[in-house]
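Participant: Have a look at this one before I ask anything.
We did not get these values from a lab; they are worked out from the coordinates using the rules stated. Quick caveat, the model's predicted, so the values are computed rather than measured. Cβ atoms come from the backbone with ideal geometry, glycine included; neighbour counts cover every protein chain shown.
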Amino acid sequence: MKALELSDFSTDLSTIALVDKPKPTPGPGQVLVRMLYSAINPSDFNFIRGDYKNALSRLIWNHSSAQENADLAFEPLSQNVHPKPPYILGGEGVGVVEQTGYGIIAKRLKGKRVALVAGPPEGTWQQYTVVDVKKSVVVPSELDDQQAAMYLINPLAAYAMVKDILDVKPGSWLMLSGAGSALSQMVIKMSKLYRFKTIAVVRSDHKTKHLKSLGADLVIETNSSDLKTEVYKATKGVGVDYVMDCIGGELLEDMQGCVTLNGHIVVYGTLAATNCQLYSRDLMMPCAKISGFFAGGWMQQKSLFQKLMILRNLSALAKQGIFQTQVDKVYPLDEYQQALTSASKAGRGGKVLFSHL
Ligand SMILES: NC(=O)c1ccc[n+]([C@@H]2O[C@H](COP(=O)([O-])OP(=O)(O)OC[C@H]3O[C@@H](n4cnc5c(N)ncnc54)[C@H](OP(=O)(O)O)[C@@H]3O)[C@@H](O)[C@H]2O)c1
C-alpha cells in the first residue's frame, strides 16, 4: 500500500516520498482503518519542519533528554513521545475500520466509519493506518466523508478554547487572528450560538465578505488598517475581553495592548513562524493573562467522563453545521507535492484534502 513518508526534517518537501509498505496489523486496543480522506493541516507542517521537536527540546521535562539527544516527550510523564523520522505523516482523517485488535471496544468498531487523530509515526496520509481506539470516534451520519476527515482537530480546539480555556461570556468581545482559518470560522459561528462578539483579524481582504456573512462583528485587514485604532473604535476605548492568536510575531505584540481589564489571551499557533516580544507591563496594567493551548495536552488531562461529554457536545455542534469547513481542493496521494504546495499557499479558499478512494 502507498504511504507518504518523511525521512528527515526539512523546510521544503524534499524529504517526503511516496513509499510502498505492507498493510499494518492492529495490536491490542487498536483498529486498522482503510482511509477515505485525510486533511492537510498547519500542524502537519510542524511535523515536517520539526517545530514540535524543537519546542519540546526547550521544555524543562525534556531538559536532560535534549542534552543527550534522547527521546523527547509531549508531557512530563513521557507517555507520549515525539516520534523520530522516518515516519508516516498525516494528523487526521476518516476511514472505515477493516480489522480490529484484541479488546471489546476495538471489536465494536468493526465496519464503522471513524474519524481519527493519528499522527506520526503512523499517520493518516496512507491507504491504511492503525490507531488506538481512544483516538478514533464514530462520525455522526449527518457529516459527509470530506467533512468527517476534519471532524476532530479543529472542532475540538475551537470548542476547548471557547468553552473551557477562555470560557467566553455572552456580550463580551473576542478577537481572533488568522481569522480566515477553518478554526476561526468555527469560532465565529459559535459566537452567534453563544452570543459573544468577534473581531476577525486578517492580513488581506479576500475573506472579509465571507467572515461577515458568518457573523463576524468587525473584520480588520492588517494590510490596510491600524489594529489598535479599529479595536479602540469598536470597543469604545475599552478593549477586548479575549484574544485567540495563531499567528504570533508582531501581530501578537500589537494584540497584547488591546485587552481590557482581566483580559485573557490564548496562543495556539505560530503561523508567522516568528516569536513575539512579551511586554510584561501590557499584561500587568490590565491584570491580563496569557495562556498556551495544545489540543493533545488539553484532552489528555480530561477524565474519561469529561472526554465523553466533550465528544457529545462536539457531535451536537457538528450537527448544527458549526464545524462545516470549506474544501479548496482534493488530491490523490501521489500528487502530494501539488497538494502540499497548495496547502501552504496564502489566500487559499479552504482546506486541502487527500483522497484515498
Ligand atoms: N494548538 C492546537 O491544539 C491547535 C489545534 C488546531 C489548530 N491549531 C492551529 O490553528 C491555526 C489555524 O488552523 P486551521 O487548520 O484552521 O488553518 P487553515 O484553515 O489552514 O488557515 C490558516 C489561515 O491562517 C492565515 N495565515 C497563515 N499564515 C499567516 C500569516 N503569516 N499572517 C497572517 N495570517 C496567516 C491564512 O490566511 P490567508 O487566508 O490570508 O492565507 C489562513 O486563513 C493553525 O496555526 C493551527 O496550527 C492549533
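Participant: Could you bin all the Cα-Cα distances of the stretch 165-293 into 5 Å bins starting at 0 and give me the percent of pairs in each, rounded to whole numbers?
Facilitator: 2, 11, 23, 26, 23, 11, 3, 0
Participant: Still on this structure, please answer the following. Provide the packing ranking of 162-171, 18-27, i.e. peptides ordered by the mean count of other C-beta atoms within 10 Å per residue, highest first.
Facilitator: Per-residue mean Cβ counts within 10 Å order the peptides as 162-171, 18-27.
Participant: Of all beta bridges DSSP finds with both residues in the stretch 165-293, what is the antiparallel percent, to the nearest 5?
Facilitator: The antiparallel fraction comes to roughly 0 percent.
Participant: Alpha carbon centre of the stretch 56-115 versus the stretch 301-333: separation in Å?
Facilitator: Cα centroid of the stretch 56-115 versus Cα centroid of the stretch 301-333: 19 Å apart.
Participant: Can you quote the Å³ per residue value for the convex hull of the Cα atoms in the chain, rounded to an integer?
Facilitator: It comes to 139 Å³ per residue, whole-number rounded.
Participant: So, one more: In Å and whole numbers, how far do the C-alpha atoms of the stretch 142-236 stretch along each principal axis, longest first?
Facilitator: Reported extents, whole Å, longest axis first: 42, 29, 19.
Participant: Please work out whether the stretch 246-303 counts as rounded, prolate or oblate from its C-alpha gyration tensor, where a ≥ b ≥ c are the square roots of the eigenvalues and a/c under 1.5 means rounded, while otherwise a/b larger than b/c means prolate and anything else oblate?
Facilitator: oblate
Participant: Could I ask something else about it? Quick one: how many lysine pairs does the stretch 99-190 have with C-alpha atoms less than 28 Å apart and a gap of 8 or more or different chains? Give me the count, please.
Facilitator: So the count works out to 11.
Participant: What is the P(r) of the stretch 72-123, as percent of Cα-Cα pairs per 10 Å bin from 0?
Facilitator: Once binned at 10 Å, the Cα pair distances of the stretch 72-123 give 22, 37, 34, 6.
Participant: Output wanted: per-residue J couplings in Hz (rounded whole) for the stretch 238-247, from phi through Karplus 6.51 cos²θ - 1.76 cosθ + 1.60, θ = phi - 60°, x for Gly and Pro.
Facilitator: Once rounded to whole Hz, the list reads 8, x, 9, 7, 9, 10, 10, 10, 10, 10.
Participant: Could you tell me which trypsin sites (Lys or Arg not before Pro) in the stretch 240-338 are loop residues by DSSP with no more than 12 other beta carbons within 10 angstrom of their beta carbon?
Facilitator: none
Participant: So what is the calculated 222 nm ellipticity per residue for the chain, using -39500 (n - 2.57) for each DSSP H run with n of 4 or more, over all residues, to the nearest 500 deg cm²/dmol?
Facilitator: Value at 222 nm, helices only: -8000 deg cm²/dmol.
Participant: Per the Kirkwood treatment, what hydrodynamic radius in Å, one decimal, follows for the stretch 1-137 from the mean inverse distance over all distinct Cα pairs?
Facilitator: The answer is 15.5 Å.
Participant: Related question: Ranked highest first by the average count of other Cβ atoms within 10 Å around their residues, in what order do 178-184, 264-270, 5-11 fall?
Facilitator: 178-184, 264-270, 5-11
Participant: For a quick check: with amide H placed at 1.01 Å from N, whose amide H comes under 5 Å from V327's, ignoring anything fewer than 5 positions away on the same chain?
Facilitator: K351
Participant: Sequence-distant or interchain residues sharing an amide H contact under 5 Å with R203, placed H: which?
Facilitator: T222
Participant: Then there's this: Give the dimensionless ratio obtained when the Cα radius of gyration of the stretch 88-203 is divided by 2.2 N^0.38 Å.
Facilitator: With N residues counted in the stretch 88-203, Rg over 2.2 N^0.38 Å equals 1.26.
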